[in-house]
Amino acid sequence: MDDTQLRAKRTRIKILRAIVKKNGSACFSEIRSITGLSTGSIYYHLERMKNYVLKNSKHYVITKEGIDLLVELDKKKDFVLSKKPI
């Protein structure tokens, strides 16, 4: 994975976490406020996250696939942190 792909992945995870922070449904301005990302960046990434986020009227709602992705990432993070020597 190159730097651009890694940055895109991190940005998309940041967007998913912002939606989760608002109980799984957030309006655009809430996503922008929580993430600090530009309007263009958020729109760009949301367009590419259709498996993970659905637009419901004026809100973006995380899908089961989006939740599953975050759960897997958190498991991996916890595993890596538990392997670090104290």
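The values are calculated or read from the model by the stated rules, or taken from the named source; none is laboratory data. Small disclaimer: the values here were computed from a predicted structure and weren't measured. Virtual Cβ from ideal backbone geometry, glycine too; neighbours counted across all protein chains shown. Just the protein is used for accessible areas: all its heavy atoms, side chains included, with ligands, DNA and RNA removed. Shrake-Rupley method; radii C 1.70, N 1.55, O 1.52, S 1.80 Å.
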Inset, instruction - Return one number: the angle in degrees, 0 to 90 and rounded to the nearest 10, between the long axis of the Cα atoms of helix 3-21 and the longest principal axis of the Cα atoms of the chain. - result: 70 degrees
Legend entry - Highest-first arrangement of 25-38, 1-14, where packing means the average Cβ count within 10 Å: 25-38, 1-14
Inset, instruction - Over segment 14-69, with every protein chain in place, what whole percent of the accessible area is carbon and sulfur at 1.4 Å, could you tell me? - result: 50 percent
Inset, instruction - Using the structure shown, list the pairs from K22/K55; K22/K58; K55/K75; K22/K64; K9/K58; K55/K76 with a Cα-Cα distance above 21 Å, or answer none. - result: K55/K75; K9/K58; K55/K76
Legend entry - Net lengthening on full extension, S57/S29 (0.36 nm per residue, minus Cα-Cα): 8.7 nm
Legend entry - Accessible area in square angstrom per residue, the chain, 1.4 angstrom probe: 73 Å²
Legend entry - Sum of side-chain charges, E47 neighbourhood, beta-carbon under 12 Å (Lys, Arg +1; Asp, Glu -1): +4
Inset, instruction - Report, as a whole number in µm² per second, the diffusion coefficient that Stokes-Einstein gives for the chain at 4 °C and 1.567 mPa s using the Kirkwood radius over alpha carbon pairs. - result: 95 µm²/s
